[in-house]
């Protein structure tokens, strides 16, 4: 029996973490940090839902913090195995994890200053820079395409995922009771024909496909369209005398943006303007890109062979020191400022937003996914005021999203990638997406490819039985599957509402409005009880196994496998 538990990345795009249990082994795929709203971030401070010391190995798809960010905490809490990932990801994590530890220390210091004034107890950082550095010896670099057998029951291979430098698809071959099953984890799947790095490799077979769905309901702008849109935004903002401020992920989006700006300037499609790269991590990462040319696509390799420097062009100014960063605030207009973090929740970008959000002549351009509850998401949704460093800032700047710069495959690209399997996986499990994206992609995969698709809930654990001859489930088993789906949907809707409620309550200062909200919620509670009491007066036995142990019941994935 093989069990998989969705400890993160289920029903949300952050905190990816999947626990596989088989024979006497326990392994993790990813160990990411939750990002976004307060309710999500609180999950980072909770104990792991497993014993870190009992984990035999971790398989890491790439360096982004929502996939790697809790590894220092895992090691600090007792993990003593190997973290298998690509060589480039090892190098990136040497940059990103200590930087994350520094952010945790700074946030704890900020909270403790407020706590001291309010007479509240002090808090500890999630982990420290030293914790992050202590985790690095556990990383083991692996070449793409190499099959490795760390345990008798498990072999694995990493392939190119085409998302960021060093990103990997993970194939796991697990043998239990002489029967082998293959699991494929996409991590974050990259786009086709994006600049700099190679397209994702194709996987042709697998029993269980665990796939991301970040853009499961959207189609990106074409390459030429996004360049035209970016050029128009830049020219319009320059004419108005403002700055273009770009919150960008230090790995991936920053480098693609630099590549595109260099191209637009060379072609005369935008004026020559100063481009400030104000992120020490992004600067180090950009230098690291040039050390791993094995991941480059043919156009990038050709440009480098011609002696060009598409990421270090003359108009690009790198500002690693705090003094250089602060000096950018003296630039009143005519510049582009690229800074991390990409969701605008931490880092130097918050300072640049503070100095530009209130200015109607400036533009803020988002070029990556904005998680629910993040500052970036709130700005895109039209919030009129934000608080930065204790100061209320009115939002007057133009806010723009350019999804064409996303490093994630869109709906059509995800479907096309799955279609290349020679035989459809017995089960496709969708993770790393919000509710609408998950359901939209699930519907499309079922309708277009005939795939059997399941959407797990956060902390759900399922047992994957050996796949024998397919058979149609009984009506009772079908009902139990539907019961689980209803429960998952209810939990996801409840969580989304709770996140919105948290955000509202954090900012609302009008007591009358709060009292009115309390009354409205009381009415909704009464209405819900009245609407459901007729159905749920005598709960059928059918629902029992969802909350209680039942040796006869098999998990939803198995039922869907049996149904074919």
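Of the residues that make up segment 148-155, is at least one out of contact with any helix residue (DSSP H, G or I) (no Cβ under 7 Å at 6 or more places or on another chain), within 19 Å of residue 63 (Cα to Cα) and either assigned by TED's automatic domain parsing to the domain that holds residue 60 or surrounded by fewer than 19 Cβ atoms within 10 Å (Cβ to Cβ) (or both)? Checking segment 148-155: not a single residue is out of contact with any helix residue (DSSP H, G or I) (no Cβ under 7 Å at 6 or more places or on another chain), within 19 Å of residue 63 (Cα to Cα) and either assigned by TED's automatic domain parsing to the domain that holds residue 60 or surrounded by fewer than 19 Cβ atoms within 10 Å (Cβ to Cβ) (or both).
So, in segment 305-330, of the ones that are free of Cβ contacts under 8 Å to residues at least 12 places away in the same chain and closer than 27 Å to residue 87 by Cα, which residue ends up surrounded by the most Cβ atoms within 10 Å (Cβ to Cβ)? Result: 308.
For segment 45-71, give me each residue that is assigned to a helix (DSSP H, G or I), at pLDDT 95 or above and closer than 25 Å to residue 368 by Cα. Within segment 45-71, 67, 68, 71 meet the criteria. Of the strands (runs of 3 or more DSSP E) entirely within segment 111-191, those holding at least 3 residues that are over 22 Å from residue 293 (Cβ atoms) and modelled with pLDDT under 95 occupy 179-185. Note on segment 193-232: residues that are more than 21 Å from residue 401 (Cβ to Cβ), in a loop (DSSP other than H, G, I, E, B) and under 23 Å from the mean Cα position of the chain (by Cα) amount to 7. Any chance you could count how many residues in segment 81-106 are touching a residue at least 60 places away in the same chain (Cβ under 8 Å) and farther than 24 Å from residue 159 by Cβ? So the count comes out to 3. Within segment 340-355, the set of residues being touching a strand residue (DSSP E or B) at 6+ places or on another chain (Cβ under 6 Å), assigned to a helix (DSSP H, G or I) and buried (at least 24 other Cβ atoms within 10 Å of the Cβ) comprises 349, 352. Within segment 237-248, the set of residues being buried (at least 24 other Cβ atoms within 10 Å of the Cβ) and either assigned to a loop (DSSP other than H, G, I, E, B) or without any contact (Cβ under 8 Å) to a residue 40 or more places away in the chain (or both) comprises 243, 248. Listed by position, the helices (runs of 4 or more DSSP H) enclosed by segment 429-541 that each have at least 1 residues that are more than 30 Å from residue 385 (Cα to Cα) and modelled with pLDDT of 90 or more are 435-449. Looking across segment 218-233, the residues that are surrounded by fewer than 21 Cβ atoms within 10 Å (Cβ to Cβ) and in contact with a strand residue (DSSP E or B) (Cβ under 9 Å, 6 or more places away or on another chain) come down to 218, 219, 229, 233. Residues satisfying the criterion are absent from segment 284-307 (criterion: outside any helix (DSSP H, G or I) and modelled with pLDDT of 90 or more). Does segment 16-26 contain at least one residue that is surrounded by 18 or more Cβ atoms within 10 Å (Cβ to Cβ), in contact (Cβ under 8 Å) with a residue 60 or more places away in the chain and either assigned to a helix (DSSP H, G or I) or in contact with a helix residue (DSSP H, G or I) (Cβ under 9 Å, 6 or more places away or on another chain) (or both)? Scanning segment 16-26, I find at least one residue that is surrounded by 18 or more Cβ atoms within 10 Å (Cβ to Cβ), in contact (Cβ under 8 Å) with a residue 60 or more places away in the chain and either assigned to a helix (DSSP H, G or I) or in contact with a helix residue (DSSP H, G or I) (Cβ under 9 Å, 6 or more places away or on another chain) (or both), so the answer is yes.
Under the condition of being out of contact with any helix residue (DSSP H, G or I) (no Cβ under 7 Å at 6 or more places or on another chain), surrounded by 15 or more Cβ atoms within 10 Å (Cβ to Cβ) and not in a strand (DSSP E or B), the residues counted in segment 82-110 number 7. The test for being surrounded by fewer than 22 Cβ atoms within 10 Å (Cβ to Cβ) and at pLDDT below 90 does not hold for residue 251. Would you confirm whether or not segment 394-407 contains a residue that is under 24 Å from residue 241 (Cα atoms), assigned by TED's automatic domain parsing to the domain that holds residue 230 and out of contact with any strand residue (DSSP E or B) (no Cβ under 9 Å at 6 or more places or on another chain)? Yes, because at least one residue in segment 394-407 is under 24 Å from residue 241 (Cα atoms), assigned by TED's automatic domain parsing to the domain that holds residue 230 and out of contact with any strand residue (DSSP E or B) (no Cβ under 9 Å at 6 or more places or on another chain). For segment 384-412, the set of residues classified as assigned to a loop (DSSP other than H, G, I, E, B), out of contact with any helix residue (DSSP H, G or I) (no Cβ under 7 Å at 6 or more places or on another chain) and modelled with pLDDT of 90 or more consists of 384, 396, listed by residue number. When segment 27-44 is limited to residues that are assigned to a loop (DSSP other than H, G, I, E, B) and touching a helix residue (DSSP H, G or I) at 6+ places or on another chain (Cβ under 7 Å), the one that is surrounded by the most Cβ atoms within 10 Å (Cβ to Cβ) turns out to be 31. Among the residues of segment 33-57, those identified as closer than 13 Å to residue 8 by Cβ and in contact with a strand residue (DSSP E or B) (Cβ under 6 Å, 6 or more places away or on another chain) are 49, 50.
The values are calculated or read from the model by the stated rules, or taken from the named source; none is laboratory data. Note that this is a predicted model, so its numbers are computed, not measured. FYI the Cβ positions are ideal-geometry reconstructions off the backbone, even for glycines, and counts take in every protein chain you see.
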